[in-house]
């Protein structure tokens with residue numbers, strides 16, 4: 001059994017500038033890895049990946065809501081049976097009472113990977129769930145930003161898997177209700193190394209930091 005010690009320095013500033021902090025411990029009979037933590041109102045949402053080290057892959061996600069003293073208020077888990085996985089990578093608050101999670105999915109039953117999107121209320125009840133298929137079987141890094149219209153823009157690294165192991169990128173924009181607006185694939189990077197490492201919107205333009213493009217030092221550079 002592995003125990004995850006998640007040290008969260010959650011500073012709650014009061015009128016007298018006092019601070020509170022807590023240490024929260026999560027444990028399962030497998031290996032846990034914290035992926036994302038966000039604050040909404042006076043509580044915190046933590047997404048963890050649960051992996052089976054003997055099999056060598058992450059297989060499910062665990063979403064936990066804690067109050068500002070570290071007490072667990074609600075939990076949600078998502079698991080796909082078989083040699084498959086559902087990994088929540090990002091939590092996106094959309095208003096004071098709802099948030100969206102973004103996940104990468106691989107299922108034995110499907111030829112291509114999927115981007116999973118779930119909208120929750122703050123009690124971790126599912127409002128809706130949607131999946132968006134990509135054109136490759138494997139999804140690597142996933143990064144997310146919100147634009148000025150409140151839409152969610154997702155960037156992800158894709159891989160063909162064996163025997164080519166060729167890399168590419170996909171970008172997609174969806175509304176806060178999960179409706180697809182647009183998507184675009186980029187296959188012009190180095191197929192041996194292309195992946196995404198950050199995504200943001202600045203002055204109405206999207207900036208994606210990636211590697212695998214020839215305008216920078218091969219195998220090391222980052223590009224917008």
| note | When every residue in the stretch 26-44 that is surrounded by fewer than 13 Cβ atoms within 10 Å (Cβ to Cβ) and assigned to a loop (DSSP other than H, G, I, E, B) is compared, the one modelled with the lowest pLDDT is 29
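For residues that are modelled with pLDDT of 90 or more and under 16 Å from the mean Cα position of the chain (by Cα), tally how many sit in the stretch 45-85.
Looking only at the stretch 45-85, we keep the residues that are modelled with pLDDT of 90 or more, and these are 45-47, 61-67, 71-77.
With the extra rule that they be under 16 Å from the mean Cα position of the chain (by Cα), the set shrinks to 45-47, 61-64, 76-77.
Of the residues in the stretch 45-85, 9 are modelled with pLDDT of 90 or more and under 16 Å from the mean Cα position of the chain (by Cα).
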| query | How many residues are under 22 Å from residue 140 (Cβ atoms) and modelled with pLDDT under 90 when one looks only at the stretch 193-215? | reply | 6
| Got a sec? Which of 177, 129, 161 is part of a loop (DSSP other than H, G, I, E, B) and within 25 Å of residue 41 (Cβ to Cβ)? | 177
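If we scan the stretch 4-22, do we find a residue that is at pLDDT 80 or above, surrounded by fewer than 16 Cβ atoms within 10 Å (Cβ to Cβ) and either in a strand (DSSP E or B) or in contact with a strand residue (DSSP E or B) (Cβ under 8 Å, 6 or more places away or on another chain) (or both)? Show your work before the answer.
Here is the first cut: in the stretch 4-22, the residues at pLDDT 80 or above are none.
The answer is no; no qualifying residue exists.
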| note | In the stretch 136-155, anything in contact with a strand residue (DSSP E or B) (Cβ under 6 Å, 6 or more places away or on another chain), surrounded by fewer than 20 Cβ atoms within 10 Å (Cβ to Cβ) and part of a loop (DSSP other than H, G, I, E, B) is listed as 147, 151
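Is it the case that the stretch 109-123 has a residue that's at pLDDT below 95, out of contact with any helix residue (DSSP H, G or I) (no Cβ under 7 Å at 6 or more places or on another chain) and loosely packed, with under 13 Cβ neighbours inside 10 Å? Steps first, please.
Within the stretch 109-123, the first condition is being at pLDDT below 95, and the residues that meet it are 109-111.
With the extra rule that they be out of contact with any helix residue (DSSP H, G or I) (no Cβ under 7 Å at 6 or more places or on another chain), the set shrinks to 109-111.
Filter once more, keeping what is loosely packed, with under 13 Cβ neighbours inside 10 Å: 109, 111.
Checked against the condition, which is being at pLDDT below 95, out of contact with any helix residue (DSSP H, G or I) (no Cβ under 7 Å at 6 or more places or on another chain) and loosely packed, with under 13 Cβ neighbours inside 10 Å, the stretch 109-123 yields at least one hit.
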| Residues that are assigned to a loop (DSSP other than H, G, I, E, B), more than 21 Å from residue 161 (Cα to Cα) and in contact (Cβ under 8 Å) with a residue 12 or more places away in the chain, drawn from the stretch 69-115 | 69, 70, 94, 96, 97
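The values are calculated or read from the model by the stated rules, or taken from the named source; none is laboratory data. In this text, all values refer to a predicted model and were calculated from it rather than measured experimentally. Backbone-built Cβ (ideal geometry, glycine too); neighbour counts: all protein chains shown.
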